[in-house]
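Quick note: the coordinates plus some simple rules give every number you see, no bench work behind them. Predicted model only: the values in this text are computed from it and were never measured. Counting neighbours? That spans all protein chains shown, and the Cβs are built from the backbone with ideal geometry, glycine included.
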Amino acid sequence: MTSARNETDHGPTTLDALDLDLVAALQSSPRAPLNVLAEALDSSASTVGRRLTRLVDTGVLRVVGQVDWALLSDTHPYHVWINTEPGSARSVAQALTALPEAQFVATTAGPADIHLTVHSRARSDTAQLLTGTVAGIGGVVSTHSELVLRAVTKADQWRLDRLTPERTTFLQRDAVTAGDVHPGLDVSSLTVQERAVTRLLNRDGRTPAIEVARVLDMSRSTAHRVVQGLLRRGVVQPRVEVEPALLGFPLEVAVQLAVRPGETTAVAQWCADHPSARYVSVVAGSWSVVHQGVFRGEDELAEFLERDLAELPGLTGWGVSVVLEVLQRYFIRRDGNHLVGHPTSGIG
C-alpha cells in the first residue's frame with residue numbers, strides 16, 4: 001500500500017508503506033538498532049535512519065519510555081469525565097493540558113464533553129486536584145471521576161498488523177523484555193543512577209547506553225548494565241507514540257462497561273485481547289471497565305458494539321464517548337496528529 005504525501009508545516013500527514021512498516025517494526029522492538037530494522041524491512045540502514053529521523057523531527061513519532069506508576073505517585077490515575085459550558089469544551093481542554101498531572105486530554109461526543117486522565121503526584125494531593133484544580137477551571141460545569149484500579153493493557157502493547165510472524169520474531173530476538181508482571185515497584189530500591197537513567201529513557205526510549213554514559217558521566221559498562229536492568233525489571237517500557245489516525249485508525253472511542261459482580265476480570269481480559277484495544281482499565285465508580293479503542297471507521301465500531309460486545313457474557317450496560325480531538329496523550333501535547341515536545345511527567 002502506497003499513499004500520497006501531504007506535507008504541512010509539521011511534516012507528512014499521510015504515511016507511506018515504508019513509514020507504516022517502520023512504525024510496526026518499532027512497536028515490535030522499540031530499541032532495535034537501525035541495521036536490524038533495515039534487515040527486517042528489506043531496506044538499508046541509511047534509508048531507515050533517514051525515515052526515522054524525519055518522522056521524529058516533524059513530530060509524527062516518538063519512542064518514549066513508559067514508566068511504572070510507582071515512579072509517578074503513591075496512588076493510581078483517575079479517569080475524569082467533564083461537562084462544560086456551551087462552546088467552552090476546547091478552551092477547558094487546553095487549560096487542562098497545562099496541568100503536570102494530565103496524562104490524557106481529549107474533547108469527546110457522548111455523555112461528557114471532555115475525557116481526562118490525571119495522575120496526582122501524591123495520594124494526599126488527589127482531593128485538591130479533582131475537586132479543586134480540575135473542577136475550578138473556568139467553563140467546567142460538572143465532573144465525574146473514577147479511580148483506575150489496574151491497567152489490563154496499555155498502549156505499548158497495541159500493534160499495527162503489518163509484519164509477518166517471521167519478521168516480528170527476527171526483530172524481537174535480541175530485545176530486552178520485562179520479566180513477570182510485578183504487583184508494584186519498590187521505589188526506594190532504585191538508586192540515584194537508576195532514577196537518572198529512567199528520566200533519560202522516559203524522554204527518549206531509544207537512548208543508547210553510550211549516550212546515557214556521556215550525558216550522566218558514567219562508564220559505558222555501568223550505563224549498559226543500568227539500562228538493561230531497568231528494561232528487564234519493567235521499570236521502563238519503551239513504546240511508540242504516534243497518533244492512530246496516521247496509521248489508518250481515525251475513529252477513537254472510550255467504551256465504559258458495567259459488569260456483573262464476579263465477571264470484571266473476564267470482561268476486562270476479553271477487552272484487552274480485542275484488536276481495537278489501546279488501553280483497558282478496571283475502574284472503581286459507576287462503571288467497572290473502560291475500553292479505549294481505535295477503529296478504521298464507523299462500520300468497524302458498529303460491529304464491535306452490535307456483535308462483539310452484544311455476545312459478551314457478564315455485561316449489564318455500556319456507554320460510549322467518541323473522541324473528537326486529542327490534545328494530550330501520555331503527557332505529550334498534540335497539535336492535530338503531530339506531537340509537540342516530549343513527555344512532561346515528573347518522575348519521583
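I need the shape label for region 90-132. Rule: rounded when a/c is under 1.5, else prolate if a/b > b/c, else oblate, with a, b, c from the alpha carbon gyration tensor.
Values: a/c = 2.30, a/b = 1.84, b/c = 1.25.
Prolate, because a/c is 1.5 or more and a/b exceeds b/c.
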Over the chain, the sum of -39500 (n - 2.57) across DSSP H runs of at least four, divided by residue number and rounded to 500 deg cm²/dmol, gives at 222 nm -8000 deg cm²/dmol
Relative contact order in percent for the chain (Cα pairs under 8 Å, 6+ apart) equals 25
Taking 257-270, 309-322, 64-77 and ranking on average Cβ neighbours within 10 Å, highest first, one gets 64-77, 257-270, 309-322
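Let's test the formula: R0 of 51 Å, r as the Cβ-Cβ distance of ASP174 and GLU306. What FRET efficiency results, to the nearest 0.05? Show your work: numbers first, answer last.
Working: r = 43 Å, r/R0 = 0.85.
Computed FRET efficiency for ASP174 and GLU306: 0.70.
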Applying the gyration tensor rule to the Cα atoms of region 153-266 (axes a ≥ b ≥ c; rounded if a/c under 1.5, else prolate if a/b exceeds b/c, else oblate), the class is prolate
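May I ask for the Rg/Rh ratio of the chain, computed from Cα atoms with Rh as the Kirkwood radius, given to two decimals?
Numbers: Rg = 20.2 Å, Rh = 21.1 Å.
Result: Rg/Rh = 0.95.
What list do you get for LEU324, LEU247 if you sort them by fewest beta carbons within 10 Å?
Numbers: LEU324 17, LEU247 21.
Ascending number of Cβ neighbours within 10 Å: LEU324, LEU247.
If you wrap a convex hull around the C-alpha atoms of region 238-348 and split its volume per residue, what is the figure in Å³?
Details: hull volume 14.2 nm³, N = 111.
Taking only Cα atoms, region 238-348 has a hull volume of 128 Å³ per residue.
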